[in-house]
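Participant: Below you will find the structure I want to go over with you.
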Amino acid sequence: MFLGEYSHSIDAKNRLIVPAKFREELGENFVVTKGLDGCLFAYSMEKWEHISKIVEGLPQAKARNLKRFMFSSATVVNPDKQGRVLVVLNLREFAGITKDIAVIGASDHVELWDKETWIKLNSEMDSDEIASAMDELGF
């Protein structure tokens, strides 16, 4: 399970240091792709294969745009000895990432956010909506 929030920066070669705790769980190779709400998702290869099988089982009418969204932008990364991975241009542009990044644990995956976008999103979260969701789940 991915937990926590870390602040990092993209270096001059467009590499990001992935927090050691996340690297351990993501594995030697993992997938980075477009996410929701303007962030990037990172999945372990095991989780990515599981997601792929689920998407493949969907009716074409439901799956085609999801496949295009997730798979066309997906890239397999392999952290170097310092734990850095290249964040490719199309993904940086999609997420509006220029320099500072929030790397957050989101249960079964990691999210990569432009730091300012993450701060803004957090400030706009509605406590009543969160409390309502917690009530529905029995927290």
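Participant: If you average the sequence gap of Cα pairs under 8 Å that are 6 or more apart and divide by the length of the chain, what percent do you get for the contact order?
Facilitator: 36
Participant: Considering only DSSP states other than H, G, I, E and B, which chymotrypsin sites (Phe, Trp or Tyr not before Pro) in the range 1-39 qualify as loop sites with at most 11 other Cβ atoms within 10 Å?
Facilitator: Filter output for the range 1-39: empty list.
Participant: Here is a follow-up. At most 16 other C-beta atoms within 10 Å and a DSSP loop state: those are the exposed trypsin sites (Lys or Arg not before Pro) I care about. Give me the longest piece of the chain that has none.
Facilitator: 14-80
Participant: Go ahead and run the numbers for FRET between LYS67 and ILE119, Cβ-Cβ distance against an R0 of 30 Å, rounding to 0.05.
Facilitator: With a Förster radius of 30 Å, E is 0.40.
Participant: Moving to a separate point now. Which label marks the calculated value of Rg/Rh (Cα atoms, Kirkwood Rh), given the options [x] 0.94; [y] 1.11; [z] 0.98?
Facilitator: Recomputing Rg/Rh (Cα atoms, Kirkwood Rh) here gives the entry labelled [z].
Participant: Full-extension gain between ASP80 and SER107, please, as 0.36 nm times their residue separation minus the C-alpha to C-alpha distance.
Facilitator: Net length gain for the segment: 7.3 nm.
Participant: Another one. Counting only protein chains, not ligands or nucleic acids, how are ASP114, ASP128, ASP11 ordered by accessible area (probe 1.4 Å), most first?
Facilitator: From most exposed to least exposed: ASP128, ASP11, ASP114.
Participant: Pick from MET70, MET125, MET45: which is most flexible by mean-square fluctuation in a GNM of the chain where alpha carbon atoms under 10 Å apart are linked?
Facilitator: MET125
Participant: Computed FRET efficiency, Cβ-Cβ of HIS50 and LYS13, R0 35 Å: what is it to the nearest 0.05?
Facilitator: Step by step, r from the Cβ atoms, then E = 0.65.
Participant: Once the whole set of protein chains is in place, how much accessible area is left on HIS8, using a 1.4 Å probe, in Å² to the nearest 10?
Facilitator: 50
The values are calculated or read from the model by the stated rules, or taken from the named source; none is laboratory data. Worth saying up front: this structure is predicted, and the values here are computed from it rather than measured. Cβ: placed from backbone, ideal geometry, glycine included. Neighbour counts: every protein chain shown. Heads up: the accessible areas ignore ligands, DNA and RNA and are worked out on the full protein's heavy atoms, side chains in. Shrake-Rupley method; radii C 1.70, N 1.55, O 1.52, S 1.80 Å.
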